[in-house]
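Since the structure comes first, as structure tokens, the remarks are kept for the end.
No lab work stands behind these numbers, since they all come straight from the coordinates. Nothing here was measured: the structure is a model prediction, and the numbers come from that model. Virtual Cβ from ideal backbone geometry, glycine too; neighbours counted across all protein chains shown.
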Amino acid sequence: MVTPSAERRPPCIVVIGVAGTGKTTMARLLARRLDLPFAEGDDFHSAADIAKMSAGTPLDDADRQPWLESIGRWLHEHEAEGTGAVVACSALRRRYRDTLRAACPSAFFLHLTADRAVLAERLLRRTGHFMPRSLLASQLATLEPLEPDERGAVLDATPPPETTADMAADLLRQL
Ligand SMILES: Nc1ncnc2c1ncn2[C@@H]1O[C@H](COP(=O)(O)OP(=O)(O)OP(=O)(O)O)[C@@H](O)[C@H]1O
Ligand SMILES: O=C(O)[C@H](O)[C@@H](O)[C@H](O)[C@H](O)CO
């Protein structure tokens, strides 16, 4: 009897990291390369959250909880439908990722990193975005890197986004 081959379901990927690492840019490219649905985490923020960040005040855990839960619901739906998904979502702290994992146990976290000076420069040059460069310090202070038991990988996001997306796609195809 032929046993059905182990079912390979498309992955649910969360591209994480501080503001300016290029999560949105890279995650969009990755979703295209892997032919997966894409979501921008910033689109799940409440108007109050956006106003708070625009005014230069970092979000706190309580602000972020409903935001993470709504992204978790989006991931959960895609995991349940078996379509896979890619979302750009800073998910800076372990407990934020725990919230996403509770909703989507198969979530794979791709942590983008770059030097502080590179990030500051990118945020300085970026136009038409609510996130002020002044919040970079709090983003870096809040960041808790992936722990060994977390499903995920760290990628250097200093090269052009296409290069990082190629590396990410290769890595994910090997999972
Ligand atoms: N690899 C890269 N090299 C140079 N510039 C980049 C790179 N990736 C993104 N950028 C630019 O840096 C800025 C930040 O990118 P992006 O908005 O994708 O980052 P982000 O991590 O999603 O930020 P945020 O969390 O604030 O939404 C944008 O102006 C983008 O064009
Ligand atoms: O948790 C947070 O502090 C926020 O989600 C930020 O990460 C922003 O969404 C993003 O960086 C916008 O630029």
Computed Rg/Rh of the stretch 88-145, alpha carbon atoms with Kirkwood Rh: 1.02
The stretch 46-104 versus the stretch 115-175: alpha-carbon centroid distance in Å: 16
Furthest towards positive pole of dipole, MET26, HIS129, TYR96, structure part the chain, Cβ charges: HIS129
Extension reserve of the SER54-ARG9 stretch, reckoned as 0.36 nm per residue once the Cα distance is removed: 12.3 nm
Two-decimal Rg/Rh across the chain, once Rg and the Kirkwood Rh are taken from alpha-carbon atoms: 0.98
Residue-averaged [θ]222 nm for the chain, counting only DSSP H segments that reach four residues, each worth -39500 (n - 2.57): -14000 deg cm²/dmol
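Compute, for the chain, the length of the dipole vector about the Cα centre, with Cβ point charges of +1 (Lys, Arg) and -1 (Asp, Glu) only. Units Debye, rounded to 20. Intermediate values should be presented prior to the final figure.
Numbers: 21 positive and 24 negative charges, 59 e Å.
That gives the chain a dipole magnitude of about 280 debye.
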